Amino acid sequence: ERQMKAAAADLDFEQAARLRDDVAALTKALEKSAVVLPDGTDADVFALADDELEVAIQVFHVRGGRIRGQRGWVAEKDAEDLPELVEHLLQQVYGGEGGETVPREVLVPVLPPEADGVSAWLGERRGSAVSLRVPQRGDKRALMETVARNAEQSLARHKVARAGDLTARSQALQELQEALGLDDAPLRIEGYDISHVQGSDVVGSMVVFEDGLVRKAEYRRFIVRGDVEGRTDDTAAMHEVLTRRFQRHLNDREREATDPETGEARRFAYPPNLVVVDGGAPQVAAAQQVLDELGVDDVAIVGLAKRLEEVWVPGDDHPVILARNSEALYLLQRLRDESHRFANTFHRERRSKSMTRSALDGIPGLGESRRKALLTRFGSVKRIRAASAEELASTPGIGPSLAARIAAELSAQTPTPAVNLTTGEVLDEGEQP
């Protein structure tokens, strides 16, 4: 419990609040006479949280309806799919001479691929039938959700601790230097990503790690212009973003690195030692072409392909394979995931604003203040579209003739839904994700 409370300082406000709630719930549940399930319940409740490299596992042992114990650990992933992870986990926990005693019920987040065979194997280990299932409702489902939150927080704490470990960061930079054949350790690394939905509102992101730590003050966002018709693809967008970034670096290099009036570093004055792009050989080639065109020859480039976590370098037909448990790969993944998150966040903002503009802009007589008044009253363009002319006219500043014009314009349009890129949820028009 002390460790969990101490770790709350390393998490954001929302995570820390959930962690404190779960500490309180777990403390209460583990009291001597705390009954959480019916008296006859004899079960182990498993939950997992994973990323590309590791999986955090939590298990609560319920005996006689009471939580009698809890275990948690973080391990290297030995499978890609969650059902396979569950199968391997059960074999690890209950197999072998030192295996745990199998309870009457084993509750898991998803069933393993051969659930009937695994259940039969567990029954043989126990000497009687074992119920292997996913709880769907009631107290067991609620307990599973608590165990799952513990697993998520355990993985978050592990990643925070690992990212903050000076020895691990130094090892990661040294491993990258050796694997990529660099003259020096890449103390400044920049990661780039492109985000869009079907080519619309294309944006790019630049995130910065220095000495293996994030430097959010150095992050930059780019609106990709594309060609004259607004079309682009990922490699062309990456070419544009990197061209703009390194052209600014060359321009700033001609001046002092710091502004003589403010003493602050110019935005693009310092080049990276290493550039990481999201993707494989095509994306790396596009990035290298930019540096060649601009005459930048002191920056290394790699691409991290997500499916197999391969590291691609310019001009090589085969990728560099880093050990899955290496600090170097962990650092590259953190950089790639952070650039992806930053790009998606910016794209959602642009997408939401674009939807509102496309629906309300261009209606004669509907200026900025009146648009804000409509959105304040109705909450979204979807609700404005559904409102009658009489309802629109009751908005301050909107008279009957303008209300009729707005209703006619919106009814003639075909709305295009916005999508939350994190969850896939279709959002109301004008709604912020």
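For this structure, a couple of remarks:
- Neighbour net charge for Lys140 - beta-carbon separation under 13 angstrom, K R +1, D E -1: -1
- Computed packing ranks the peptides 152-160, 139-147, 176-184 as 152-160, 139-147, 176-184, most packed first, by mean other Cβ atoms within 10 Å.
- Ranking by accessible area, most exposed first, for Tyr270, Tyr219 with a 1.4 Å probe: Tyr270, Tyr219
- For the stretch 269-375, a crude dipole built from +1 on the beta carbon of Lys and Arg and -1 on the beta carbon of Asp and Glu, taken about the Cα centre, is about 1120 debye to the nearest 20.
- Neighbourhood charge, 11 Å Cβ-Cβ cut-off, centred on Glu327 and excluding it, Lys, Arg +1 and Asp, Glu -1: +1
- Estimated at the nearest 10 Å², the accessible area of Ile321 is 120 Å² with a 1.4 Å probe.
The values are calculated or read from the model by the stated rules, or taken from the named source; none is laboratory data. What you are looking at is a predicted structure, and each value in this text was computed from that prediction instead of being measured. Cβ sites come from the backbone with ideal geometry, for glycine too, and all protein chains shown count toward neighbours. Areas reflect the complete protein model, heavy atoms only, side chains present, ligands, DNA and RNA absent. Shrake-Rupley method; radii C 1.70, N 1.55, O 1.52, S 1.80 Å.
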